Amino acid sequence: MKPSFRIKRLAIVLQNASTGGWRYTERLVEGLRIARPDCEVLVYIGRSVKSEGELESPREVLRRLGADVRSVPWLRPVRNRSGMKLVVSKLRTLLSSTSYCRWIEELNRCDAVFFAWPYGIECPPCKAPVAFIPHDFNYTHFVGTFVESPASVASLRSQHKLWLERAHPIVSTQFIADELMRTFPEYVSPPRVVRLSQLGPMESMNHDEASKIVQRLGISGDYLLSLNNISAHKNLGQLLSGFHYVAKQYPNLKLVLVGFGTEGIHGNVNSPYYLDWSDSGGNVQSLGLRSDREVSALIARAKLVVNASLYEAGNGSGLDAWRMGTPVVMSDIPAFVEQLHAMDVRAETFNPRCCYEIRDALLRIMQQPEVAEANASYSKKSMSRYSWNDVAEHYLDFFDEIAAKTSHPLDH
């Protein structure tokens, strides 16, 4: 049953973001403007938010989508690491106090406030109800090396705790909702779960346009595509090992890496243990960060999209590939498997700790193209039934609900 109260003015704050965080926010604003055109959307954006390689800046994109785009005032960091930074922080706080107070007043005139990337800042003391995305709880796990330093782990846990005391969480999978309840058992209200649609542009891309873009990027021939950064939990080492065995059977096949930190990774996986650097060429090529259109083109022309992560809130690259009808190969981690059933999509899965399972899953796509194409077409049809308009409707229902409440999400 939908709430009787409907918000008319929503503030979205994005003071900083990863590439995925920015793409998510862009899609959400696009869906919100379609789902409820009479709701005014204010987006407060930080100077550090950038869209790599795009023709338009984030501000230009959001304005084109119909949002009222404004600047975020300087926000006091949660934690300062040195005495000098503390002095600078106090000076900046003094100088920016007027703009900060004015900003809080603006937020108070909204029916709800949503923080899409609430890292490194405190929840503001506004009277309007606040929602936020905790994203994930990767920092509570150890994958064989540090994803976050021990100091960062303590800081992130403290930040999440403070946000949960003052704001309402919204997550994209039940797995992350369970992670929140495991990490903070004192939290009494189940987080709202709203599944996401694709992170790339809503418009489709034809074959010829995609081919031209991929050619301009210097990629030729058949390739597998990995859309991940080089963080430890992305598990690129095991992916390279699995690809080593695939390349033995398909010597002309390439593995293309796209994502933050992948710049300059190129060479040949002549061994399952490491990649041999090469000044030029090789069966592993990297492109670093790329624009949405370039990523869409790469997905459209790939033999498959692979995600070997050990921990995620969900498979973002998989969502894009399923939406575009490209075969997906992925880890059998909880959030990914949940998406298979919840979204009614198909993929080959593997144990991400086993390079032989990665090999076999990749080979199943390569050796059974008819089955892979049928599964990809099935997934594309399933994804067409769940767009960002639907995502936005669920978000608006959530915002309507918290705006109608007066109690905090924690029992005190």
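Considering each residue of the range 98-125, count those that are over 26 Å from Thr183 (Cα atoms) and surrounded by fewer than 21 Cβ atoms within 10 Å (Cβ to Cβ), and give that number.
Residues meeting the conditions: 12.
Looking at the range 13-40, which of the residues that are crowded, with 23+ Cβ neighbours inside 10 Å and assigned to a strand (DSSP E or B) is modelled with the lowest pLDDT?
Of everything passing the filter in the range 13-40, Leu14 is modelled with the lowest pLDDT.
Go through the range 266-281 and give me each residue that's free of Cβ contacts under 8 Å to residues at least 24 places away in the same chain and either of a type outside the set (Gly, Ala, Ser) or under 30 Å from Arg23 (Cβ atoms) (or both). Walk me through it before giving the result.
So the first thing to find is which residues in the range 266-281 are free of Cβ contacts under 8 Å to residues at least 24 places away in the same chain, and the list is 266-268, 276-281.
Within the range 266-281, His266, Gly267, Asn268, Asp276, Trp277, Asp279 meet the criteria.
Examine the range 278-285 for a residue that is crowded, with 18+ Cβ neighbours inside 10 Å, modelled with pLDDT under 95 and touching a Leu at 6+ places or on another chain (Cβ under 9 Å), and state whether such a residue exists. Spell out how you get there, then give the answer.
Going residue by residue through the range 278-285, those that are crowded, with 18+ Cβ neighbours inside 10 Å are 282-285.
With modelled with pLDDT under 95 added as a condition, the list becomes 282.
If we keep only those that are touching a Leu at 6+ places or on another chain (Cβ under 9 Å) too, we end up with 282.
Checking the range 278-285: at least one residue is crowded, with 18+ Cβ neighbours inside 10 Å, modelled with pLDDT under 95 and touching a Leu at 6+ places or on another chain (Cβ under 9 Å).
I'd like to know if the range 321-337 contains one or more residues that are farther than 25 Å from Arg23 by Cα and modelled with pLDDT of 95 or more.
Let us first name the residues in the range 321-337 that are farther than 25 Å from Arg23 by Cα, namely none.
No.
For the subset of the range 224-268 comprising residues that are out of contact with any strand residue (DSSP E or B) (no Cβ under 7 Å at 6 or more places or on another chain) and on the phi > 0 side of the Ramachandran plot, which member is surrounded by the fewest Cβ atoms within 10 Å (Cβ to Cβ)?
Gly261
What's the total number of residues in the range 134-180 that are part of a helix (DSSP H, G or I) and either in contact (Cβ under 8 Å) with a residue 12 or more places away in the chain or touching a helix residue (DSSP H, G or I) at 6+ places or on another chain (Cβ under 6 Å) (or both)? First the steps, then the outcome.
Looking only at the range 134-180, we keep the residues that are part of a helix (DSSP H, G or I), and these are 138-140, 150-166, 174-180.
Still in the list and also either in contact (Cβ under 8 Å) with a residue 12 or more places away in the chain or touching a helix residue (DSSP H, G or I) at 6+ places or on another chain (Cβ under 6 Å) (or both): 138-140, 152-153, 155-166, 174-177, 179-180.
Residues meeting the conditions: 23.
So Leu107 ticks every box in (1) farther than 25 Å from Arg192 by Cα; (2) at pLDDT 90 or above but one. Which box is left unticked?
Result: Leu107 passes all but (1).
Among the numbered conditions (1) modelled with pLDDT of 95 or more; (2) surrounded by fewer than 18 Cβ atoms within 10 Å (Cβ to Cβ); (3) over 29 Å from Asp360 (Cα atoms); (4) not assigned by TED's automatic domain parsing to the domain that holds His168, tell me where Met202 comes up short.
The one condition Met202 does not meet is (1).
Please work out if Tyr311 is farther than 30 Å from Ile133 by Cβ, of a type in the set (Phe, Trp, Tyr) and modelled with pLDDT of 95 or more.
Values: farther than 30 Å from Ile133 by Cβ: no; of a type in the set (Phe, Trp, Tyr): yes; modelled with pLDDT of 95 or more: yes.
Judged against the criteria, Tyr311 is not a match.
Right, Gln215: surrounded by fewer than 19 Cβ atoms within 10 Å (Cβ to Cβ), assigned to a helix (DSSP H, G or I) and of a type in the set (S, T, N, Q) or not?
Working: surrounded by fewer than 19 Cβ atoms within 10 Å (Cβ to Cβ): yes; assigned to a helix (DSSP H, G or I): yes; of a type in the set (S, T, N, Q): yes.
For Gln215, the condition - surrounded by fewer than 19 Cβ atoms within 10 Å (Cβ to Cβ), assigned to a helix (DSSP H, G or I) and of a type in the set (S, T, N, Q) - is met.
Considering each residue of the range 305-325, count those that are within 11 Å of Ala376 (Cα to Cα) and surrounded by fewer than 24 Cβ atoms within 10 Å (Cβ to Cβ), and give that number.
2
Please go through the range 357-372 and give me each residue that is touching a residue at least 12 places away in the same chain (Cβ under 8 Å) and touching a strand residue (DSSP E or B) at 6+ places or on another chain (Cβ under 9 Å), ordered by number.
Looking only at the range 357-372, we keep the residues that are touching a residue at least 12 places away in the same chain (Cβ under 8 Å), and these are 357-359, 361-366, 372.
Across the range 357-372, the qualifying residues are Glu357, Ile358, Arg359, Ala361, Leu362, Arg364, Ile365, Met366, Ala372.
The values are calculated or read from the model by the stated rules, or taken from the named source; none is laboratory data. The structure displayed is predicted, hence computed values, not measured ones. Using ideal geometry, Cβ is built from the backbone for each residue, glycine included, and neighbour counts are taken over all protein chains shown.
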